[in-house]
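**Q** Below are the structure tokens for one structure; questions will follow.
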Amino acid sequence: MEGIEKPAMIAALLLMFASIGTKAGTAHLIWRMKHQINHVATIKQEALARLKIAQSQKGVAVQNKTLLTIKKVKLEKRLNRMNKDMDDIKQEDDARKQRDEIE
């Protein structure tokens, strides 16, 4: 039996060392994957932060555009009113000149 026990013991030791090596390798792979996951999560958070900033800037731009559109419409109405008033004044002036020429 002693002839079989020694090789069996050596084989058992080799298998134990192999399992320890496999465990260490697996632990290292898990650590590396966790590190990569954390890195990707950080990149995701940065991207989401940039997206939030871009969305808020877009919101401000849209709001500013809306305000400028409203101001433009008001100014166009005011300009039309003033042009109409100028036309009325010009017509009155022309009518007055014609009356003055007749008299």
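Readers should treat all values here as calculations from the given coordinates under stated rules, not as data from a laboratory. Predicted model only: the values in this text are computed from it and were never measured.
**Q** On full extension of the chain, what length is gained from Thr69 through Gln36, given 0.36 nm per residue of separation minus the C-alpha to C-alpha distance? Mind showing how you got there, number by number?
**A** Numbers: separation 33, 0.36 × 33 = 11.88 nm, distance 4.85 nm.
Length gained between Thr69 and Gln36: 7.0 nm.
**Q** Would you list which lysines come within 24 Å of Lys23, measuring only between C-alpha atoms, while excluding same-chain residues fewer than 8 positions from it?
**A** Leaving aside lysines fewer than 8 places away in the same chain, those within reach of Lys23 are Lys34.
**Q** Through the Karplus equation 6.51 cos²θ - 1.76 cosθ + 1.60, θ set to phi - 60°, convert the phi angles of segment 4-17 into ³J(HN,Hα) values in whole Hz; use x for Gly and Pro.
**A** Whole-Hz 3J(HN,Hα) from phi for segment 4-17: 8, 5, 5, x, 5, 5, 5, 4, 5, 4, 4, 5, 5, 5.
**Q** Right, something else. Cα centroid distance between segment 26-81 and segment 4-18, in Å?
**A** The distance from the Cα centre of segment 26-81 to that of segment 4-18 comes to 62 Å.
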